[in-house]
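Data first, discussion second: the structure below is written as structure tokens.
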Amino acid sequence: MAEQKPALVLHLVSGGEPLLFTLHPDEVDELRSRLHLHLEHGSVQTVRTAEDRTVAVNFAHVAAAYLDDLHRQGKVFGLH
């Protein structure tokens, strides 16, 4: 089984292609539990990437956000 490559997927209010940020493994569980709060409050949060960089995300400009595995094949939104 391939190693998972978790990513934060952001669809901006302004449209266009989604932004993808691969996540540091230590970041995944906390972000998964708080993602809905960031969207509800439109907060600015820092996210640590797999490359150990820090990205500031202004969730006030995000229409939809979710965590996904970039290694998963045959993706169809909403289906596993």
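The values are calculated or read from the model by the stated rules, or taken from the named source; none is laboratory data. It should be emphasised that the depicted structure is a prediction, and the values quoted were computed from it without experimental measurement. For neighbour counting, all protein chains shown are included, and Cβ atoms are generated from backbone atoms with ideal geometry for every residue, glycine included. These area figures cover heavy atoms from the full protein model, side chains too; ligands, DNA and RNA do not enter into them. Shrake-Rupley method; radii C 1.70, N 1.55, O 1.52, S 1.80 Å.
Between Asp68 and Glu30, the simple label model (points 7 Å from Cα in the Cβ direction) yields a spacing of 2.5 nm.
Is the shape of segment 1-58 best called rounded, prolate or oblate, per the rule: a/c under 1.5 gives rounded, else a/b larger than b/c gives prolate, else oblate, with a ≥ b ≥ c the square roots of the Cα gyration tensor eigenvalues? Judged from the Cα gyration tensor, segment 1-58 comes out prolate (a/c at least 1.5, a/b above b/c). Taking the Cα centre of the chain as reference, the dipole from Cβ charges on Lys and Arg (+1) and Asp and Glu (-1) amounts to some 180 debye. Compute the length gained on full extension between Arg48 and Glu3: take 0.36 nm times their separation in residues and subtract their Cα-Cα distance, giving the result in nm to one decimal. Length gained between Arg48 and Glu3: 14.3 nm.
With every protein chain left in place, what is the accessible area per residue of segment 6-59 in square angstrom, probe 1.4 Å?
Details: 3390 Å² over 54 residues.
Per residue, segment 6-59 has an accessible area of 63 Å².
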